[in-house]
Amino acid sequence: MGKSELELSEDLSHNDGGSIEHYISDESTNLVLDSRIKEIQKQFVEDLTNFKVRIVESTSFRSLCNSINEAKTEREKLQLIKTEAIKLNLDEKTIIHILDAGSQKYILACEDATKPSWPGFDDYVGEGKKCRYFNKCALCKQAIVFPEALPYIARRILDLDKLKKTHSSSDWILKYGDEYEAWNQIFEYWNNKDQVKTAWELARMGFVVLPQIMRGV
């Protein structure tokens, strides 16, 4: 059912940790858990095969902002936006939106936070409401990855690795498996490996910090 050991213990009214450990360690229970984990992993593969997040490697977000904001007239600005849209393979409206000071840029740039597409979003985000599940950005077609985001992605992966120590394997996979694979896949797709290497170095040295629970930030 995808429940954690703590939830199972509460459902069965077990106050003794040893008794719930007995239930979840017998052979039949392990077979059920293995089967469920295989189903979840199969879904991860399906989700990641439909990888939707867009990657922009040719320019940084700051460079994009600077080049367009240097325009002296509105006409020149619109022309620059059109040029950048063609170069980056993005819609003009996307560039206009992400350049807006009020747009959502927590880790990744977001084209439209009211239209998330990550698996299961409709169970958590009300229609017309802004999505604030930043841990799901890597699975969403509204997200755009600029080079500045790489150190934060590396830090998130490191944080998820740490969370493995405080969760059972099945619980961790249920809560973080799809996110973990999606963040890693961004690095696999990223062509500039020097930028990826630098991102890992900055994250490991503690130059970037993120909250472990990235929902509703």
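Nothing in this text is a laboratory measurement; each read-out follows from the coordinates by a stated rule. Computed from a prediction, not measured in an experiment: that's the story for all the values here. Quick reminder, even Gly has a Cβ in these numbers, built from the backbone with ideal geometry, and neighbours come from all protein chains shown.
For region 59-79 versus region 120-199, the inter-centroid distance based on Cα atoms is 29 Å.
Spin-label pair Glu92-Leu202: with each label point 7 Å from Cα along the Cα-Cβ axis, the two points sit 3.2 nm from one another.
If R0 is 35 Å, what FRET efficiency do you get for Leu78 and Asn192 from their C-beta distance, rounded to 0.05? Write down the numbers at each step before the final one.
Values: r = 30 Å, r/R0 = 0.85.
Step by step, r from the Cβ atoms, then E = 0.75.
Given C-alpha coordinates of region 66-206, what is the ratio Rg to Rh with the Kirkwood estimate of Rh?
Details: Rg = 17.3 Å, Rh = 16.9 Å.
Rg divided by Rh gives 1.02.
Spin-label model, Lys162 to Phe121: label points 7 Å out along the Cα-to-beta-carbon direction sit 2.9 nm apart.
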